[in-house]
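The values are calculated or read from the model by the stated rules, or taken from the named source; none is laboratory data. All values reported here derive from a predicted model rather than from experimental measurement. For neighbour counting, all protein chains shown are included, and Cβ atoms are generated from backbone atoms with ideal geometry for every residue, glycine included. For accessibility, only protein heavy atoms count, side chains too; no ligands or nucleic acids. Shrake-Rupley method; radii C 1.70, N 1.55, O 1.52, S 1.80 Å.
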2 protein chains.
Amino acid sequence: MYRTHNCGELRLENLHAKVKLAGWMHKSRDLGGMTFIDIRDRYGKTQLVFNMDSNKDLCEKARKLGREFVIQIEGKVVERSAKNADMATGDIEIEVESLELLNASKTPPFTIEDDTDGGEELRMKYRYLDIRRGKVRNALVLRHHVALEVRKYLSNLNFIEVETPVLIKSTPEGARDFVVPSRMNPGMFYALPQSPQTFKQLLMVGGMDKYFQIVKCFRDEDLRADRQPEFTQIDCEMAFIEQEDILAVFEGLTRHLLKEINGVEVAEFPRMTYAEAMKKYGNDKPDIRFGMEFGELNDIAQHKDFSVFNQAELVVAIAVPNAGEFTRKEIDALVDWVKRPQIGALGMVYVKCNEDGSFKSSVDKFYDQTDLAAWAERTGAKPGDLICVLSGAANKVRAQLSALRMELATRLGLRKPNEFAPLWVLDFPLLEWDEETQRFHAMHHPFTSPKKEDMALLDSNPGAVRANAYDLVLNGNEIGGGSIRIHDKATQALMFKHLGFSDEEARTQFGFLMDAFEFGAPPHGGLAFGLDRLVAILGGQETIRDFIAFPKNNAGRDLMIDTPSVLHEEQLQELAIQVIGPKQV
Amino acid sequence: MYRTHNCGELRLENLHAKVKLAGWMHKSRDLGGMTFIDIRDRYGKTQLVFNMDSNKDLCEKARKLGREFVIQIEGKVVERSAKNADMATGDIEIEVESLELLNASKTPPFTIEDDTDGGEELRMKYRYLDIRRGKVRNALVLRHHVALEVRKYLSNLNFIEVETPVLIKSTPEGARDFVVPSRMNPGMFYALPQSPQTFKQLLMVGGMDKYFQIVKCFRDEDLRADRQPEFTQIDCEMAFIEQEDILAVFEGLTRHLLKEINGVEVAEFPRMTYAEAMKKYGNDKPDIRFGMEFGELNDIAQHKDFSVFNQAELVVAIAVPNAGEFTRKEIDALVDWVKRPQIGALGMVYVKCNEDGSFKSSVDKFYDQTDLAAWAERTGAKPGDLICVLSGAANKVRAQLSALRMELATRLGLRKPNEFAPLWVLDFPLLEWDEETQRFHAMHHPFTSPKKEDMALLDSNPGAVRANAYDLVLNGNEIGGGSIRIHDKATQALMFKHLGFSDEEARTQFGFLMDAFEFGAPPHGGLAFGLDRLVAILGGQETIRDFIAFPKNNAGRDLMIDTPSVLHEEQLQELAIQVIGPKQV
């Protein structure tokens, strides 16, 4: 037996016990006649004491141990004279009686501390050392607990976890598929699933009633920051349900996680329509932990002499709390910030709300104090606040002001990681106009059902048709989304027509699902949560990388195992493929 | 709300309740003025009653429903006059007051019954209908319960489930990899993991201490019967442990599953060395639910006048219980069976053990009653048994007799699906001679540690070196296996040398793992269970296909979604690959 206890569990209750520990040499201090070593494992650290007087050989052996050496010791638990309240085992230490070196270590390329000196690339290359750091280890442990709680919760509600296949069929719709050449079927390919969407719908047709799966999904996209080519979803589907049934289950699940994982009790989740979210926050995933709601100023700011506003489709503003003190330099920087190409505003009008109730704006030439007071009222600005006004085409200016709102909230510390504000966003549009192809696309997917009362608009005003589609938003992040699906042939045919599919195209792409729908498909709907992001948010972070054991970088590379990589020529031949163009080696 | 109850839960306690049910029209019977319909969902069936006298329109509507139509009804729970004890809801029925057709169905291509009329191909093509059958549905539900119990059990023991990547690096060792071209890195490829072996060892180096994962693995093999290109493992690894620690955990897990899933209490698992298993059963995964242990007859059957035995390396026999009554025709068929090319024996000698204590054999010319009595004693044959004797090269004849033993046990009903006999097989050989390449290969993998006491044999007799490797066998199936790994550089270098790796080769193939081992690798070891097979055996079956929601056929094809399939030319171009040779369309 390598150990009687782990390095995180000994307490005063264990006093005088003879114990065996194994772990890594974390830190060593020589104090004259004594040597103190912190031994570390996944569970914590324990202080070891070696005494030159009582055992010189042993103490000298201990002094030769380098950082991250793997050791095993036997000794006696004694009370510390100087207790360490920051350490779970800080009341005790081990008087070591024997020490065995289990393995040596080269000096690690960065320190194994929460606050390490290693850069991101280096830590990715030596991810196995990075995982020894408490921060990363705790993130992975948190992920485990979240996944387990999800499974327990849904299983208790009679959901069945069903594994759907990873080697499936490529479909031209949506994002790009990763594909897998089939050696047994030369010239043919599997694809990796972007989601188990069709399979979960088939499981509903198959009568599984309540399905879930925590499952890897794959998208071959150009990776934006904080995206991964492989990611994990909590995927769910239910039959014989209405939208309210689904919201109830997943609100319950989210509340359960917040309570179990974060110890936070959250009241009933607020709800907002997509239209309302866009109007109030310029965003379909608003962070509602803080105010700064949009105030539309068209009626009170247009038709004065300020042509910029007069020509704009929308004039819209937010009141930034306690930002009235911003210096001219700070405000200029803010104007530059919104004019960056990533944001794309042409300029920004601002109003300082002075403590004395007066206003000072960048457009004093065109607007008097009464005008500005009306703006303050519309945006809810208080003395001491700063009103920021953008104008332009409605869609664009809303997105710009939303970006500014989030940026300022971050700068002002209003996005508190330990505060949780979930929100349902409902009634998403069914269709989305695509400029490139000049036609409507399904906003969610072609199986999303339109709202019955909007069906009549399909011909006259397709963009106004709302879907039975919903997103769960947490702290300004889309945690998940889903919809009630179409389950009857007539509505499905209508949808395909409106999406510009010929019968032939619909057949080729979705034939097996359409066939299945002819054999008694029940009403059904579902939802998928992004596990990586959910875990990151529950862990108080917004980047997902530390919550993934072995992430890839933005070029889709695993720096540790150094892949993707070239294949042997014979391997390609067996697969009946060859590489076009110059091969990278 | 679509339903107040599911179709499996109403009982006499619910009498007079007004209920709403939804499900599939399973079966319909018209009895004069009454129509009875069984409505079915995942949870069961409930009988609905329609009465021509009380509501003619409704009853006529009900009579028009076809098989698998999706319906919703409201009605009152009443007591049945003729109760059905075979049905959980058999005490009650529903007097239907309203009926809504939610969806029609074409006539399904096979009956939705446990005992269906559909052939395998047809059921694979319409898998979503096959899943409606109780047998398949229950298999998937069982799989869910097993996976959940595994997760709970291991989590309670402080194991952490960590997701390892699916897009990894191709290694030339072992079975063939499935590969994935990288669009972002033209000419380069990911590979799908055959197992997370290296990652779990890196997690041990990373200090995760106790890891598990229920994870999809991929092998591009020519599919033998009952193999799948994607399969699921319960993968585990532990640090600071010895072999006994691992056996204890996974014996505990298996015992827990047998109890929770099957209600069976199993005593401490017996153990057997590999050598013993081969000698006693000719097989490293013996089914020990029945006897028929091998008796070696060399000393008592050779050096008579029977040259076949005299020339054989091994003469070995089993006693088949109560098979002494086999007719000459049956025995001839058995001889033909062992002579089939799949088995490859040259012949079979038999001895009938008569009830009167005498013997009648096919070699009476060479052996007298005393000789045959010695054979009976050696094989444990009793009056009424049949002794089957094979001879030849030891390895081959053991495999042949093992096949015969299993075949006869199956025929005689000795392999009872509800009886569970787990067995640890220990001390597997470290190396395995490969005829094709004329060198030793690692039997498990190159990181398996040799037994310390056998290290000296590495040079003199490599084939005799035993490894710290173990398999768990259940009812004649290998459920899982694992080993204690090498964790120090010196032993690893020695192993690579004996496996014929140059330093360069070792570096190229296992560089990142060898690097990791230099930074304080702890002693570690692990094990992996095959979930598909484990679930099938717990479900009392030996074929895995019904325990996989969407299996592939022996050509690696999914008949339902019809894949693998050809890709668009543009898709291939984007991936910088092209297909060699004629394309199948």
Debye, to nearest 20: dipole size of the protein assembly as shown, +1 on Lys, Arg Cβ, -1 on Asp, Glu Cβ: 260
List of region B:557-575 residues, accessible area with partners at least 50 Å² below that of the chain alone (1.4 Å probe): B:ILE561, B:PRO564, B:SER565, B:LEU567
Accessible area expressed per residue, chain A, with surrounding protein chains retained (probe 1.4 Å, Å²): 41
Theoretical gain in end-to-end length, A:SER460 to A:ASN156 [0.36 nm per residue, Cα-Cα removed]: 104.9 nm
Unit charges on C-beta of K, R, D, E only; dipole of region A:218-287, Debye: 340
Charge sum, other residues only, whose C-beta stays under 12 Å from A:SER98's C-beta, Lys/Arg counted +1 and Asp/Glu -1: -1
Phi to ³J(HN,Hα) by Karplus 6.51 cos²θ - 1.76 cosθ + 1.60 over region A:16-25, Hz, x for Gly, Pro: 6, 5, 8, 10, 10, 10, 9, x, 9, 6
Loop-resident sites, region B:326-376, for trypsin sites (Lys or Arg not before Pro), counting at most 16 other Cβ within 10 Å (DSSP): B:LYS365
Accessible surface of region B:328-419, 1.4 Å probe, proportion on carbon and sulfur as whole %: 52
Positive-end extreme of charge dipole, chain A - chosen from A:VAL96, A:ALA536, A:PRO450 (charges on Cβ): A:VAL96
Other-copy label distances relative to A:HIS568, 7 angstrom Cα-Cβ extension, nm: 3.6
Accessible-area value, B:MET272, 1.4 Å probe, nucleic acids and ligands omitted, Å²: 20
Charge dipole (debye, nearest 20) of region B:1-152; +1 at Cβ of Lys and Arg, -1 at Cβ of Asp and Glu: 560
Region A:490-547 - percent of accessible surface contributed by carbon and sulfur, probe 1.4 Å: 53
Positions from region B:505-535 whose accessible area shrinks by 50 Å² or more when the full protein complex is built, not the chain alone, probe 1.4 Å: B:PHE512, B:GLU518, B:PHE519, B:GLY520
Accessible area of region B:12-103 belonging to carbon and sulfur atoms, whole % at 1.4 Å probe: 46
Cα lying deepest toward the dipole's positive end in chain B, options B:ASN461, B:VAL70, B:GLY392, charges on Cβ: B:VAL70
Alpha-carbon centroids, region A:252-276 and region B:478-553: separation in whole Å: 42
Ascending list, in nanometres, of distances separating the B:ARG63 label from those of the other copies (7 Å, Cα toward Cβ): 10.2
A:ILE288 long-range amide H proximity, modeled H, under 5 Å: A:ASN475, A:GLY476
Amide hydrogen neighbours beyond the local backbone of A:ILE160, cut-off 5 Å, H modeled: A:LYS210, A:TYR211, A:PHE212
Degrees, to the nearest 10: A:503-517 long Cα axis against longest axis of chain A: 60
Solvent-accessible area lost in complex, 50 Å² minimum, residues of region A:113-136 relative to chain alone, 1.4 Å: A:TYR128, A:ARG132
In order through region A:281-288: 3J(HN,Hα) via Karplus (6.51 cos²θ - 1.76 cosθ + 1.60), integer Hz, x for Gly, Pro: 10, x, 7, 8, 9, x, 8, 9
Cα gyration tensor shape for the protein assembly as shown, rounded if a/c is under 1.5, else prolate or oblate: oblate
Ascending list, in nanometres, of distances separating the B:GLU377 label from those of the other copies (7 Å, Cα toward Cβ): 11.5
Candidate lysines for bridging to A:LYS152, where Cα separation is under 22 Å - those fewer than 8 sequence places away on the same chain excluded: A:LYS200, A:LYS210, A:LYS216, A:LYS259, B:LYS152, B:LYS210, B:LYS216, B:LYS259
Region B:33-50 - phi-based ³J(HN,Hα) in whole Hz, Karplus 6.51/-1.76/1.60, Gly and Pro as x: x, 10, 10, 10, 10, 8, 9, 10, 9, 4, 8, x, 10, 9, 7, 10, 10, 10
Buried area at the B-A interface (accessible, heavy atoms, 1.4 Å probe, summed, Å²): 11300
Loop sites in region B:317-407: GluC sites (Glu not before Pro), DSSP, at most 16 other Cβ within 10 Å: B:GLU325, B:GLU355
5 angstrom amide H check on A:PHE359, placed H, neighbours 5+ away: A:ASN354
Helical mean residue ellipticity (222 nm; -39500 (n - 2.57) per DSSP H run of 4+; nearest 500) of chain A: -8500 deg cm²/dmol
Exposure ranking of A:TYR367, B:TYR43 by accessible area [1.4 Å probe, largest first]: B:TYR43, A:TYR367
Charge-dipole axis of chain B as Lys and Arg at +1 and Asp and Glu at -1 on Cβ define it, positive-most pick from B:ASN55, B:GLN311, B:TRP24: B:ASN55
Semi-axis lengths, Å, chain B, gyration tensor of Cα atoms, sqrt of 5 times eigenvalues: 50, 37, 24
Within straight-line cross-link reach of A:LYS352, aspartates and glutamates at Cα separation under 15 Å, skipping those fewer than 8 residues along the same chain: A:GLU325, A:GLU330, A:ASP332, A:ASP364, A:ASP368, A:ASP371, A:GLU377, A:ASP385
Nearest-ten-degree value, helix B:134-156 long axis tilted from longest Cα axis of chain B: 60
Between 0 and 90°, nearest 10: helix A:328-339 axis offset from chain A longest Cα axis: 70
